[in-house]
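The values are calculated or read from the model by the stated rules, or taken from the named source; none is laboratory data. Keep in mind it's a predicted model, so treat the numbers as computed, not measured. All Cβ positions, even for glycine, are placed from backbone atoms using ideal geometry, and neighbour counts span all protein chains on display. Please note that ligands, DNA and RNA were not included when accessible areas were found on the heavy atoms of the full protein model with its side chains. Shrake-Rupley method; radii C 1.70, N 1.55, O 1.52, S 1.80 Å.
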Amino acid sequence: EELREAISEITSLNPKPGNTFGDTVETHMSNITPDFIVEVYNGEISMSLNNRDFPQLVVSKDFSEMMQAYSENKDGMSADKKQALMFMKQKMDSAKWFIQSVKQRQDTLYKTMEAIISMQYDFFITEDETMLKPMIMKNIAEKTGLDISTVSRVSNSKYVQTNGGIYPLKFFFSEAMQNETGEDVSTRKIKYVLKQIVESEDSQTPLTDEKLTALLNEKGYV
C-alpha cells in the first residue's frame, strides 16, 4: 500500500520543473542538442564534438573472424558457399565504407569549427558580440581546404555550446564594412550598436533614419 502511494505521488510530479519558469529564448534553445562544445578555462579554448549519444561504429569481430575462416577454405567450397562469401564481403565493404563516411563527416565538422574558433577567437574568449570579426564562408573554405558548399551545409544546420549559451554556426558569419579609419568591422557589430541606440530612444518620439545615421557616424561607422 505504501509503495502504491509512493508511485502515485511520483508519477504526479513534473519531471522537468524548470520549464515552468518563463518562456525565454534560452528555454527554447535548451531543447537544441549542440554539435560542438567550446569551453574557455584560464584563457585557453578547448573544443570537442558532442558525441555522447553517438555509438562507436565497428564491424562485428565475430563476423570478421567467420569471414576470414570462410576465405581460407574457399577452394573447397561449393558454389552456394562461394556466393554466400561474396555476399558477406559486399556487406563488410559496405559497413567499412559507412564507418569511413561517418569519420570523414566528423573530421569535416571538426575542421570547420576549428577554423571558426581561430577567426573568432576574441569572441569565444569574451562572448562579446562586438568582438566578432567579418567572416564569410569563403574564408572558412580557404582555411580548411573544404568546398564552400560543404561549409555552407555545416553552418546552416549545426550549433555550438559555449560558456555563455548555444549559438547556430551561421551566427558567426557576417559581411565586412569599413569604419572612418578604414578598418574592416563586422556588420553584426554595427547592427549591435544600432540596436543599443534604438533601445535607448524615447519610444514616443523615435529617432529618424537621418538621426540614426548621424549617431552611427559619431561612433565612427560610416
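Hey, can you tell me all the residues within the range 147-177 that are among the small types (Gly, Ala, Ser), more than 11 Å from the chain's Cα centre (by Cα) and open to solvent by 40 Å² or more (accessible area, probe 1.4 Å)? Before the answer, list the steps.
The initial filter retains those residues of the range 147-177 that are among the small types (Gly, Ala, Ser), namely 149, 152, 155, 157, 164-165, 174, 176.
With more than 11 Å from the chain's Cα centre (by Cα) added as a condition, the list becomes 149, 152, 164-165, 174, 176.
149, 164, 176 - these are the residues of the range 147-177 that are among the small types (Gly, Ala, Ser), more than 11 Å from the chain's Cα centre (by Cα) and open to solvent by 40 Å² or more (accessible area, probe 1.4 Å).
Quick test of your reading of the structure: residue 140 fulfils all but one of (1) out of contact with any Leu (no Cβ under 6 Å at 6 or more places or on another chain); (2) open to solvent by 40 Å² or more (accessible area, probe 1.4 Å). Name the failing condition by number.
Every listed condition holds for residue 140 apart from (2).
Quick check on this structure: which one of 93, 122 is out of contact with any strand residue (DSSP E or B) (no Cβ under 9 Å at 6 or more places or on another chain), among the acidic types (Asp, Glu), free of Cβ contacts under 8 Å to residues at least 40 places away in the same chain and within 30 Å of residue 66 (Cβ to Cβ)? Working first, answer last.
On the way: 122 fails: within 30 Å of residue 66 (Cβ to Cβ).
Just a single option satisfies the conditions, and that option is 93.
Return the pairs, sorted by first residue and then second, in which the second residue is surrounded by 11 or more Cβ atoms within 10 Å (Cβ to Cβ) and hydrophobic (A, V, I, L, M, F, W, C), the first residue lies in the range 179-202 and is closer than 14 Å to residue 218 by Cα, the beta carbons are less than 6 Å apart, and the residues are 6+ apart or on different chains.
If the second residue must be surrounded by 11 or more Cβ atoms within 10 Å (Cβ to Cβ) and hydrophobic (A, V, I, L, M, F, W, C), the pairs left are 179/185; 180/222; 197/215.
I'd like the full set of residues that are farther than 18 Å from residue 62 by Cα, small (Gly, Ala, Ser) and part of a helix (DSSP H, G or I), limited to the range 73-89.
Hits for the range 73-89 are 76, 79.
In the range 39-95, how many are at pLDDT 85 or above, under 30 Å from residue 162 (Cα atoms) and basic (Lys, Arg)?
Counting residues in the range 39-95 that are at pLDDT 85 or above, under 30 Å from residue 162 (Cα atoms) and basic (Lys, Arg) gives 0.
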